[in-house]
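Each remark here refers to the structure printed beneath this line.
The values are calculated or read from the model by the stated rules, or taken from the named source; none is laboratory data. None of the values given here were measured: they were computed from a predicted structure. Cβ coordinates were reconstructed from backbone atoms using ideal geometry, including for glycine residues, and neighbour counts include every protein chain displayed.
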Amino acid sequence: MDAPTLSLIVPLHNELPNLPRLLDACIAVLERTGESWEILLIDDGSDDGSWVFVQQVMAADERVRGLRHPQRLGKTLAYATGFRAAQGHYLFTIDADLQEDPSAIPAMLALLRQGVDMVVGWRKVRRDSPLKVLASWVFNAVLRWGLRLPLHDANCGFKGMRRAVADALLPYLERDFHRYLPLIAHRLGFRVAEVVVAHRPRLYGRSHYGLQRYGRALHDLWAVLRRLRKRD
């Protein structure tokens, strides 16, 4: 197999029912990009049989690689594992629940090829509960208007970036800083943009959403800003 030029990183925890359709959908889109590609499935301590499924897929398709945390370490460290293992020049991330439609990958890739450094999905029409949508709007309003981040949906898990951006972000992959990767990239001087992506209701499993999550997010935001100020 040729060295992949595009890596799709999928962090997952107990997503077994979603994995077959996730892979079918992602592979169909990746085949249309014109890039050689790989999918990295980062199993963050699942105990529902997800890792067994990942191993079966790896045996059937060498373009799919699986990496496993023996215990749950969180999405940020799953990203760190994926970023370090990825071989591509372009790195994409997408959540395993497949609420974001991967068909936006070609449009995001086109912007990266044109010189944008990071492209973030914008779930312009959200298929979540009203409370979750409201909390996300407030969160993004703080980043957009308070911190001048030129994005509508910075906490969307569907992103694409150049290799240089992923390398620059690696030192910041701690705590729950994955929510702030677009903000960090923007503050580091990289050019960020967004593409509207279709958003769908979650079919299987449950969301890990809770209001306490946003309390932690604000605490992490303060920590991120302190880190960035020290760099300046």
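Looking at Phe139, is it buried (at least 18 other Cβ atoms within 10 Å of the Cβ) and under 17 Å from the mean Cα position of the chain (by Cα)? Talk me through it step by step, then tell me what you get.
Values: buried (at least 18 other Cβ atoms within 10 Å of the Cβ): yes; under 17 Å from the mean Cα position of the chain (by Cα): no.
Answer is no for this residue.
Could you look through region 75-100, keep only residues that are among the acidic types (Asp, Glu) and in a loop (DSSP other than H, G, I, E, B), and pick out the one that is surrounded by the fewest Cβ atoms within 10 Å (Cβ to Cβ)?
In the first step, residues of region 75-100 are kept if they are among the acidic types (Asp, Glu); the result is 95, 97, 100.
Applying the additional criterion that residues be in a loop (DSSP other than H, G, I, E, B) yields 95, 97.
Values: Asp95: 18, Asp97: 20.
Here the answer is Asp95.
Going through region 146-171 one residue at a time, which ones are under 13 Å from Thr81 (Cα atoms) and surrounded by fewer than 22 Cβ atoms within 10 Å (Cβ to Cβ)?
Going residue by residue through region 146-171, those that are under 13 Å from Thr81 (Cα atoms) are 166-167, 169-171.
Selection gives Asp167, Leu170, Pro171.
Being in contact with a helix residue (DSSP H, G or I) (Cβ under 9 Å, 6 or more places away or on another chain) and part of a helix (DSSP H, G or I) is the filter; apply it to region 101-125 and report the residue that is surrounded by the most Cβ atoms within 10 Å (Cβ to Cβ).
It comes out as Ile105.
What are the residue pairs meeting all of these: first residue in region 46-62, first residue within 19 Å of Asp97 (Cβ to Cβ), second residue surrounded by fewer than 12 Cβ atoms within 10 Å (Cβ to Cβ) and of a type outside the set (D, E, K, R), Cβ atoms under 8 Å, and 6 or more apart or on different chains?
Cβ pairs passing all conditions: Phe53/Pro20.
Test Ala193 against the criterion of being in contact with a strand residue (DSSP E or B) (Cβ under 7 Å, 6 or more places away or on another chain), among the small types (Gly, Ala, Ser) and surrounded by fewer than 18 Cβ atoms within 10 Å (Cβ to Cβ), and give yes or no.
On the way: in contact with a strand residue (DSSP E or B) (Cβ under 7 Å, 6 or more places away or on another chain): yes; among the small types (Gly, Ala, Ser): yes; surrounded by fewer than 18 Cβ atoms within 10 Å (Cβ to Cβ): no.
No.
Any idea which of (1) loosely packed, with under 14 Cβ neighbours inside 10 Å; (2) out of contact with any helix residue (DSSP H, G or I) (no Cβ under 9 Å at 6 or more places or on another chain); (3) at pLDDT 75 or above is the one Arg206 doesn't satisfy?
That leaves (3) as the condition not met.
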